[in-house]
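Novice: My questions all concern the structure below.
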Amino acid sequence: MTESDFIIKNYNANLEKGSVKWASPSNIALVKYWGKKKNQIPENPSISFTLSECKTITEVTFSKKENANFSFDVIFEGENNEAFKPKIQTFFERIEVYMPFLRDYHFKIETSNTFPHSSGIASSASGMSALALCLMSIEQELSSSKIEKPYFNQKASFLARLGSGSACRSIEGELVVWGQNESTDSSDLYGVKYEGEIHSNFKNYQDTILLVDKGEKQVSSTVGHNLMYGHPFAEERFKQAHTNLDVLKNALTMGDFKTFISVVESEALTLHAMMMTSNPYFILMKPNTLQIINKIWEYRKQTASNVCFTLDAGANVHVLYPKSETNSVLQFIKTELVEYCQNQHFICDQIGFGANQIL
Ligand code: DP6
């Protein structure tokens, strides 16, 4: 597929109004996307677990209007929200060529998250994918023929990517790859459900998110990505992501926890190492992030556990472990790790299967 395949050929703009609603999950990358080219094209491939419980639920009500401007209201958790508008305005501008009906309607975008807003959990992946899916449902209503599921998902992911790169990995589950590479079927333009073999060890994998710092990040992902331009280690890092994806793929097939753990933890630390070695440099981890990492390493040494950690662009720690270890790891989290969480707060999640249409 190329970009021009996503341009609507003909649609029936007579529809006066309607309403659509989707729930779309967050995702956690195992091989990280960090660095992008023009038009939200990633510098390297990434792969993520789709989550199950951490979701954004978005309803879009649309009604025909006369003038040719973009017109929309954003209601977040029941209240008018001006802060989200610039990001959505940019999103509309980027996707307009693929969604020419955007100027024909006024949109009321009502959205909420299943996780607390001030949790430090990035909501851009779930939020942008939920909105992209709603727009696809509207495209379906305006379209004279049925849009087949594969195209629907592909275009939803393609649009979501233009809102926020990682959002393109939130449409389907259980694992999604984004970014051209040698080891898997993939595209730079949208996320693709990972079709490689997944050993039973990695089925229903658990992700408990330890909320170390619920505050707003000091440096946004977009700024962080831009700092990969001219970064002294960028080229090596982009190559490394290809190798790591390849190695991880093999570990997923073989059920090889040891290799999985070493790739996933190394990816998390490399992501933060890129931040610490960019110009200007910055640190998003907090002292408690490091305390937790050390505790996990200690616990792994003392027990035969396969628990490991990953990080996104923030201080929170995602604790990943097999379903079979749920009781012991949760016990470990409660006795040894919650003290490092803000207000002892953590969220239990697991691998999910992608977004769901509600209306
Ligand atoms: C660290 O997708 O938030 O979570 O494309 O600028 O919106 P934009 O960036 P974003 O970057 C997230 C990067 C990451 C790693 C990952 O999810 O792969």
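Novice: At 7 Å along the Cα-to-beta-carbon direction for both Ser220 and Lys87, put a label point, then send me their distance in nm to one decimal.
Specialist: Each label point lies 7 Å from its Cα, and together they span 0.8 nm.
Novice: I need the helices of the chain that pass two filters: whole DSSP H segments spanning 24 Å or more by Cα along the axis, and mean Kyte-Doolittle score no lower than 0.5. Don't skip to the end; give the middle numbers.
Specialist: Details: long enough: 124-142 (27 Å, 0.91); 234-254 (30 Å, -0.58); 257-276 (28 Å, 0.92).
Qualifying helices, which must be both long enough and hydrophobic enough, are 124-142, 257-276.
Novice: Which shape class applies to the range 205-350: rounded if a/c is under 1.5, otherwise prolate when a/b exceeds b/c and oblate if not, where a ≥ b ≥ c are the square roots of the Cα gyration tensor eigenvalues? Provide the component values of the computation, followed by the final result.
Specialist: Numbers: a/c = 2.32, a/b = 1.25, b/c = 1.86.
The shape class here is oblate.
Novice: Right, here's the next one. To the nearest 20 debye, what is the magnitude of the charge dipole of the chain about its Cα centre, counting +1 on the Cβ of each Lys and Arg and -1 on the Cβ of each Asp and Glu? Show your work: numbers first, answer last.
Specialist: Values: 34 positive and 40 negative charges, 28 e Å.
Value, rounded to 20: 140 debye.
Novice: List the trypsin sites (Lys or Arg not before Pro) in the range 118-189 that DSSP assigns to loop (not H, G, I, E or B) and whose Cβ has at most 15 other Cβ atoms within 10 Å. Which are they? Write out the running numbers ahead of the final one.
Specialist: Values: sites: Lys146, Lys155, Arg161, Arg169; in loops: Lys146.
Passing sites in the range 118-189 are Lys146.
Novice: Starting from one equal scatterer on each C-alpha and no solvent at all, send me the Debye-based log10 I(q)/I(0) for the chain at q = 0.10 Å⁻¹, two decimals.
Specialist: Reported log10 I(q)/I(0), two decimals: -0.60.
Novice: Once a ≥ b ≥ c are taken as the square roots of the eigenvalues of the Cα gyration tensor of the range 1-110, is the result rounded (a/c under 1.5), prolate (a/b larger than b/c) or oblate (a/b not larger than b/c)? Numbers along the way, then the final one.
Specialist: On the way: a/c = 1.96, a/b = 1.35, b/c = 1.45.
Verdict is oblate for the range 1-110.
Novice: Once you have the alpha carbon radius of gyration of the range 93-233, what is it after dividing by 2.2 N^0.38 Å, with N set to its residue count? Before the final figure, lay out each step's value.
Specialist: Working: Rg = 17.3 Å, N = 141, 2.2 N^0.38 = 14.4 Å.
Taking N as the residue count of the range 93-233, the ratio is 1.20.
Novice: Can you give me the C-alpha center-to-center distance between the range 159-227 and the range 69-147, rounded to a whole angstrom?
Specialist: 20 Å
Novice: Taking N as the number of residues in the range 164-227, what is its alpha-carbon radius of gyration divided by 2.2 N^0.38 Å? Don't skip to the end; give the middle numbers.
Specialist: On the way: Rg = 15.1 Å, N = 64, 2.2 N^0.38 = 10.7 Å.
Taking the Cα Rg and dividing by 2.2 N^0.38 Å, one obtains 1.42.
Novice: Let me ask another. Along the Cα-to-Cβ line of Lys9, 7 Å from the Cα, sits a label point; which residues in the range 129-143 have backbone N less than 20 Å from it?
Specialist: Residues passing the 20 Å test: 136-143.
Novice: For the pair Asn67/Lys258, report the inter-label distance in nm, with labels modelled 7 Å from Cα in the Cβ direction.
Specialist: Going by the 7 Å Cα→Cβ label model, 6.6 nm.
Novice: Still on this structure, I have one more. Take the Cβ-Cβ distance between Asn250 and Ile41 as r, set R0 to 25 Å, and report the resulting FRET efficiency rounded to the nearest 0.05. Please list the in-between numbers first.
Specialist: Values: r = 26 Å, r/R0 = 1.06.
Efficiency at R0 = 25 Å is approximately 0.40.
Novice: How would you classify the range 21-83 from its alpha-carbon gyration tensor, with a ≥ b ≥ c the square roots of the eigenvalues: rounded for a/c under 1.5, else prolate if a/b is greater than b/c, otherwise oblate?
Specialist: It comes out oblate by the Cα gyration axes.
Novice: Same structure again: Subtracting the Cα-Cα distance from 0.36 nm times the residue separation, let me have the gained length for Cys348 to Gln240 in nm, one decimal.
Specialist: Full extension from Cys348 to Gln240 adds 35.8 nm.
Novice: Please identify the longest segment of the chain free of exposed GluC sites (Glu not before Pro), where exposed means a DSSP state other than H, G, I, E or B and no more than 12 other Cβ atoms within 10 Å. Before the final figure, lay out each step's value.
Specialist: On the way: sites that count: Glu16, Glu66, Glu77, Glu82, Glu148, Glu182, Glu195, Glu197, Glu216.
It runs 217-359.
Novice: Starting from the exponent 0.38 and prefactor 2.2 Å, build the expected Rg for the range 198-278 from its residue count and divide its actual Cα Rg by it.
Specialist: On the way: Rg = 15.3 Å, N = 81, 2.2 N^0.38 = 11.7 Å.
It is 1.31.
Novice: How many angstrom lie between the C-alpha centres of the range 1-51 and the range 282-333?
Specialist: The range 1-51 and the range 282-333 have Cα centres separated by 30 Å.
Only the coordinates and a few stated rules stand behind these numbers; no lab work does. Since the model is a prediction, treat every value here as computed from it, not as a measurement. Cβ atoms come from the backbone with ideal geometry, glycine included; neighbour counts cover every protein chain shown.
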